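Heads up: the structure comes next, in structure tokens.
Each value in this text was obtained by applying a stated rule to the coordinates, not by laboratory testing. All figures in this text were calculated on a predicted structure; none of them were measured in a lab. Please note: Cβ atoms are built from the backbone with ideal geometry, for glycine as well, and neighbour counts cover all protein chains shown.
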Amino acid sequence: MNALNRAWKYITRRPTKSVLLMITFFLIGNLVILGLGISQAAENAKVLTRKQMRAAVSYEVDYEKFWDYINTLTDEDEINNAYNNYPRINKETAEALTQDSRVKAFNFTQTAIGYSLGFEHVPVGNEDTKNTDYGSYIDENGVAHEYREPDIMIYGTQYPNMIEIADETYTITSGRFINQDDIDSAAPHVCITEEMAEVNNLRVGDTIAFSYNDLNYIDSLVQESGGEVSADDFREEYEIVGIFNNKNQVDPNSENFRWMSPYESPQNILVVPMSAYVESMLKMTTTEQKLHPEYYTDFDEEEYRRSMTEPSRIIYLLNDPLEVEDFVRDHQADLGEYLKLNANNETFKKLARPLDTLSFFSNVIVWIVIINAVVIISLVTALTLKTREYEIGVMLSLGVSKVKIVLQLFAELFLIALLSFTLASASGSMLAGRVGDMVLDYQTASEAEYSDLNNEGNYYWYGDNNYFTNVTQEDLLSQYEVKVSPVLIAEIYVIGTLVVMISIIIPSFMIMRLNPKQILLEQN
């Protein structure tokens, strides 16, 4: 207590020195608040944006890396061997990933376009602006053929725990969803959308028919077979076990709306067991094999089944978007060459580059300010000790310990720093937001070329959904807001305390070496 009391008296007795130190700490505090405020705002913007994104991870082939490897090959045998060993996702690895506690749901699916038989697809709404999906033409033999565009999309799922069910994109309104018993028994069961059920007055328990083959192609096969096969060989009949509401809707403002085909509409989706899907495809292939055995000389039914149950990619939905990077890092090494876990991170990182640059330089500035503050305060304190030798000598001769003198020195600097950082917190709060916005505007202007990178490097085929949330740089930067929070102010006081503690290390060694008798003799 005596040390604190003496420290306060010394501060008030030396106003010039105290004010100069106060200005120094005040400037240091403002610079640190600006640096930390901008850095934290940048990190918070990335975290908030990531939280709004779907926590999706795709297990897929790294096509870019594979094609780069192909381009390095010059020997024709090596190229052919590389193509013959084309990378595929590993089913065992894919299933092992589902056991991770962070995985909420996953899509192990195959997709195929199809043709409705005896029921109508849900109109897309662009029939007046696009070519009709029906038509006819006459071949070179003078035979008239009817052309009909595919109008449904069939999803074969290997597991009932689909992402769309887990995140309630699909909500069952009648009946049930495909279950594991359906999948294990290859049951011809199907779930359809609510809109499709309304258009066709369908209910749970009704049967619908469709074909995976082009109807014109079927007609040609029937004619070619001379009665050996019929159109019924390509007809699939499935019982409706569930009707669901699909939250995904056709966007009439999208660029592709005018040319959108019915099968691209979210309302024309059928969900079936993967096993039933494979059996249907196998039946279709077997029928074609009867007519053209020369094309199927190496046909292996088991290999065919295996290949049909290997999707081009598998999507995992995690519980928390903030777990995505850890999930990828933990499992990437287990995948093998030319395979990857894609979490859309590359796109996100490129979009966040202005914020990363901003955060990096802000942190550098903070460290430079802190290091300079320690050096300056240490030098000022050490230099002023020479003028206080008599004062220190008297206190030592009166029995005041050197430790208490060091504590007094610490208290002097601490009280000045406390008052300065309090003032800096008020002024820094007003400056941080304005300065942060100015710096961000400058940074984004210099990196404008990264503003349109959505889905860069991602590969999709027809029927694939983009499970990644589309994020623009504007979405990311809209979350950027520099705020001086109570936590930030607490950090300022902690940093100030550490600066004071480090700054008195050198003066403390100087005090420990002082001899009170020698000081007083020299003064006399």
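General remarks:
- Neighbours of ARG54 by Cβ distance under 12 Å: Lys/Arg scored +1, Asp/Glu scored -1, total 0.
- Between GLU76 and SER397, the contour length at 0.36 nm per residue exceeds the alpha carbon distance by 106.2 nm.
- Pairwise FRET efficiency - VAL199 versus ASN319, Cβ, R0 = 30 Å, nearest 0.05: 0.25
- Ellipsoid semi-axes in whole angstrom, largest first, where each is sqrt(5λ) of the Cα gyration tensor of region 208-317: 30, 19, 15
- Region 302-370 and region 71-111: distance between their alpha carbon centers, rounded to Å: 17 Å
- Fewest-first sequence of ILE11, ILE365, ILE314 by Cβ atoms within 10 Å of each Cβ: ILE365, ILE11, ILE314
- Modelled spin labels at ALA166 and SER220, positioned 7 Å past Cα toward Cβ, are 4.3 nm from each other.
- Spin-label pair THR16-SER307: with each label point 7 Å from Cα along the Cα-Cβ axis, the two points sit 9.2 nm from one another.
- Placing a pseudo-label 7 Å from each Cα along the Cα-to-Cβ vector at GLN332 and THR207 gives an inter-label distance of 5.2 nm.
- 5 angstrom amide H check on THR173, placed H, neighbours 5+ away: ILE243, PHE244, ASN245
- J(HN,Hα) series, region 24-41, from Karplus relation 6.51 cos²θ - 1.76 cosθ + 1.60, nearest Hz, glycine and proline x: 4, 5, 5, 5, 4, x, 5, 5, 5, 4, 4, x, 5, x, 5, 4, 5, 5
- The length gained on full extension between LEU423 and ARG148, counted as 0.36 nm times the residue separation minus their Cα-Cα distance, comes to 91.4 nm.
- The residues packed around PRO188, meaning those with a beta-carbon under 12 Å from its beta-carbon, carry a net charge of -3 if Lys and Arg are +1 and Asp and Glu are -1.
- The Cα trace of region 109-310 gives Rg and Dmax of 17.9, 53 Å, the first to one decimal, the second as a whole number.
- The fewest-to-most ranking of GLU264, GLU198 by surrounding Cβ atoms within 10 Å reads GLU198, GLU264.
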